[in-house]
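The values are calculated or read from the model by the stated rules, or taken from the named source; none is laboratory data. These figures come from a predicted structure and were not determined experimentally. All Cβ positions, glycine included, derive from the backbone under ideal geometry; neighbour counts span all protein chains shown.
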Amino acid sequence: MATLIDDPAPAYRVRPARGNEIGELQNIDLASATLFRGTGLIDFGPLGEPTEPIPEDRLRRGFGEGLIWVAVDDREELVGFALCSDRREDLYLDQLSVLPRHSRRGLGTRLVRRCLQEAEARAFRRVSLSTFRKVPWNGPFYRTLGFREVPVWRLNDWQLEIRELQRQTMDVRLRCFMQRSVKRAR
């Protein structure tokens, strides 16, 4: 008698996001923020829930620039995304989010690798990001992918602007900018 597998692991793939997926992307962003509950790093508001998803205009800009990718499962359900923006010499990873029930399956790594491929194809010098320095799925995760912390005194003007915006809602001393060089396309 053959043994039946109740819930086989889904197969995932990464593809460009579609303009009609904004609401789903915002829901993924809110769901992934719940991983920070209890850390004191993100304000969950009076109801104890993440309050603001990534703004629609930032997502639309990502669509317009062709710099947003999604991870989907074998049923085409969106389970994660990476949103980047063009910062002259840098491709900036604005947001990486994966639904908690799909975490620890390599999706974050696959999405970051997609960003690195795009940076290489578009001849960016680096991929940069801002993250919490010590949260395991933040700074340590990016270090395993070859990202290195940038000292505050070496930040570009646009990075300092982001840092000032972050200062309004979080303790920037707990955050850092990281970057990884990209091979130049020939």
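Structural remarks
- Selection from the range 77-122 of residues that are surrounded by 21 or more Cβ atoms within 10 Å (Cβ to Cβ), more than 17 Å from Ala33 (Cα to Cα) and among the small types (Gly, Ala, Ser): Ala119
- The single residue among Arg154, Arg143, Arg133, Arg148 that is basic (Lys, Arg) and in contact with a Leu (Cβ under 8 Å, 6 or more places away or on another chain) turns out to be Arg133.
- Of the criteria (1) without any contact (Cβ under 8 Å) to a residue 40 or more places away in the chain; (2) out of contact with any helix residue (DSSP H, G or I) (no Cβ under 8 Å at 6 or more places or on another chain); (3) of a type in the set (A, V, I, L, M, F, W, C), which one Ala119 fails: (1)
- Any hit, the range 109-123, residues being on the phi > 0 side of the Ramachandran plot and hydrophobic (A, V, I, L, M, F, W, C): yes
- Subset of the range 163-186 (residues that are in a helix (DSSP H, G or I) and either without any contact (Cβ under 8 Å) to a residue 40 or more places away in the chain or within 21 Å of Ala123 (Cβ to Cβ) (or both)): Arg163, Glu164, Leu165, Gln166, Arg167, Val172, Arg173
- Tyr92 passes every criterion in (1) modelled with pLDDT under 95; (2) under 16 Å from the mean Cα position of the chain (by Cα); (3) closer than 20 Å to Arg180 by Cβ apart from (1).
- Taking (1) within 25 Å of Gly19 (Cβ to Cβ); (2) more than 11 Å from the chain's Cα centre (by Cα); (3) surrounded by 13 or more Cβ atoms within 10 Å (Cβ to Cβ); (4) of a type outside the set (Phe, Trp, Tyr) in turn, Asp74 satisfies each apart from (3).
- Pairs with Cβ under 6 Å, 6+ apart, first in the range 75-101 and at negative phi, second of a type in the set (Lys, Arg): Glu89/Arg125; Asp90/Arg126
- Conditions (1) buried (at least 16 other Cβ atoms within 10 Å of the Cβ); (2) in a helix (DSSP H, G or I): number failed by Asp57: (1)
Matching residues to (1) of a type in the set (S, T, N, Q); (2) in a helix (DSSP H, G or I); (3) modelled with pLDDT of 95 or more; (4) in contact with a helix residue (DSSP H, G or I) (Cβ under 7 Å, 6 or more places away or on another chain):
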residue	(1), (2), (3), (4)
Asn20	yes, yes, no, no
Leu25	no, yes, yes, yes
Gly40	no, no, no, no
Val79	no, no, yes, yes
Arg101	no, yes, no, no
